[in-house]
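K.L.:
Below is the structure I would like to discuss, written out as structure tokens.
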Amino acid sequence: MSTTGQVIKCRAAVAWEHGQPLVIEDVEVAPPKAHEVRIRNVATGVCHTDWEYMYGTGEGMKPRPFPLVLGHEAAGVVESVGPGVTIFSPGDQVIPLFLPQCGECERCLSPKTNQCRKNWANTQMGVLADGTSRISCRGQQVYQFLGVSSFSQYTVVPDTSLAKIRSDAPLDKVCLLGCGVSTGYGAALKTGKVEKDASCAVFGLGCVGLAAVMGCRAAGARRIIGVDVNPDKFAKAAALGATECVNPADHGKPIQEVLAEMTDGGVDYALECVGSPAVMSAALESTVDAWGTCVIAGWTEREAMKVKVEQILLGRTLKGTYFGGWKSVQDVPRLVDDYMNHKLKLDEFITHNLPLDQINVAFDLLNSGKSIRTVITL
């Protein structure tokens with residue numbers, strides 16, 4: 001391509017400082033270095049994790065360097081590849097991944113985890129393998145959120161953090177498999193291993209929670225109870241498989257007690273998709289003793305979760321999930337295939353489509369609970 005080996009000038013939403021609105025800027029994206037791929041982002045979802053790092057506060061918040069380009073849930077097309085890249089070619093449709101899969105390390109070779117650590121420390125701090133970013137603006141380095149930065153028309157990612165997908169997949173839909181839908185769907189199927197005819201409660205009916213509902217349904221759960229303080233989400237939950245929904249605000253007792261009464265002792269599986277330690281504790285306590293399983297899918301780094309020892313001693317299992325337990329490079333293309341074969345839904349999660357210059361509107365829609373997923377066209 002004509003841009004191979006050259007710096008590309010494009011538009012990106014830059015976060016100059018914590019807590020302030022994003023600014024649409026002209027940025028420069030350098031060519032990929034060894035084992036890196038430069039991609040043209042076509043579409044990106046706006047995830048709560050982006051909001052959390054931009055606006056979240058609290059003692060536990062890890063410092064992130066600014067300026068920063070957020071975004072980590074996207075799909076695009078390969079523009080060029082760096083030295084040593086053999087799997088990808090210009091024109092390939094791809095989904096960038098915040099969770100790598102090198103295929104060689106102990107964790108990649110183990111069926112017990114998906115948590116590869118290739119370039120992990122660097123990408124968590126917004127840089128690539130050599131300790132620098134490929135994006136710059138106004139003469140200074142701009143950090144890449146989780147090594148991705150999909151709120152930019154172009155970005156550069158490691159070749160171990162990229163999934164090649166089929167050429168006929170609609171990028172403005174399958175971008176959701178870069179984070180939210182994969183996380184919730186896998187929380188039920190991969191991590192929770194929900195069983196046929198089980199009873200389940202899903203706490204939080206945002207994108208991750210609705211995907212967890214879909215996962216419970218795919219597993220053949222008999223009863224799927226959606227829990228959310230926003231009743232406007234109940235119809236969508238029902239369409240994706242919830243058998244009933246409960247608003248904690250409608251009850252004068254803790255929601256875990258309500259669920260225990262509804263299910264004669266507690267649900268078999270609870271999936272927490274909010275990212276609130278208080279909700280995490282309630283989810284665990286909503287499971288039946290002896291065999292109840294609680295999966296934490298909601299993200300937070302600000303607070304600690306409180307667990308009564310008795311809740312565990314009596315036989316409950318508490319598990320966490322990251323990216324739904326999927327091994328990213330190998331499993332994301334399979335999820336794309338499932339969508340294309342009508343085994344997995346994505347369109348139903350998209351409530352808004354906006355251009356890049358409306359990115360702050362997308363954050364407002366997310367924070368107010370008016371959107372499930374806004375897809376930004378780049």
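The values are calculated or read from the model by the stated rules, or taken from the named source; none is laboratory data. Because the structure is a prediction, the values reported are computed rather than measured. When we count neighbours, we look across all protein chains shown, and the Cβ atoms used for this are built from the backbone with ideal geometry, even at glycine.
K.L.:
Out of all the residues in the range 123-161, which are among the aliphatic types (A, V, I, L, M) and within 11 Å of V14 (Cβ to Cβ)?
P.N.:
If the condition is that a residue be among the aliphatic types (A, V, I, L, M) and within 11 Å of V14 (Cβ to Cβ), then I135, V142 are the ones that fit.
K.L.:
Only one residue in G209, G226 is under 19 Å from the mean Cα position of the chain (by Cα), closer than 18 Å to Y185 by Cα, buried (at least 21 other Cβ atoms within 10 Å of the Cβ) and touching a residue at least 12 places away in the same chain (Cβ under 8 Å). Which one?
P.N.:
G209
K.L.:
Now, a different point. Residue check, K236 against (1) in contact with a helix residue (DSSP H, G or I) (Cβ under 8 Å, 6 or more places away or on another chain); (2) more than 25 Å from K327 (Cβ to Cβ); (3) buried (at least 24 other Cβ atoms within 10 Å of the Cβ), all met but one. Which one?
P.N.:
(3)
K.L.:
Now for a separate question. Free of Cβ contacts under 8 Å to residues at least 60 places away in the same chain and buried (at least 16 other Cβ atoms within 10 Å of the Cβ): which single residue out of L318, L356 fits that description? So that I can check it myself, show each step before the final result.
P.N.:
Numbers: L356 fails: free of Cβ contacts under 8 Å to residues at least 60 places away in the same chain.
Result of the check over L318, L356: L318.
K.L.:
Quick check on the range 292-304. Is at least one of its residues of a type outside the set (A, V, I, L, M) and farther than 28 Å from W51 by Cα?
P.N.:
The answer is yes; a qualifying residue exists.
K.L.:
Something else about it: Just to be sure I understand the filter: pairs with C-beta atoms under 9 Å, separated by 6 or more residues or on different chains, first member in the range 260-288 and in the same structural domain as F203 (by TED's automatic domain parsing) and assigned to a loop (DSSP other than H, G, I, E, B), second member buried (at least 19 other Cβ atoms within 10 Å of the Cβ) and among the basic types (K, R). Which pairs pass?
P.N.:
G266/R316; V288/R316
K.L.:
Among strands (runs of 3 or more DSSP E) lying entirely in the range 128-238, which contain 2 or more residues that are in the same structural domain as T44 (by TED's automatic domain parsing)?
P.N.:
In the range 128-238, 135-137, 140-144, 154-158, 162-164 are the strands (runs of 3 or more DSSP E) which contain 2 or more residues that are in the same structural domain as T44 (by TED's automatic domain parsing).
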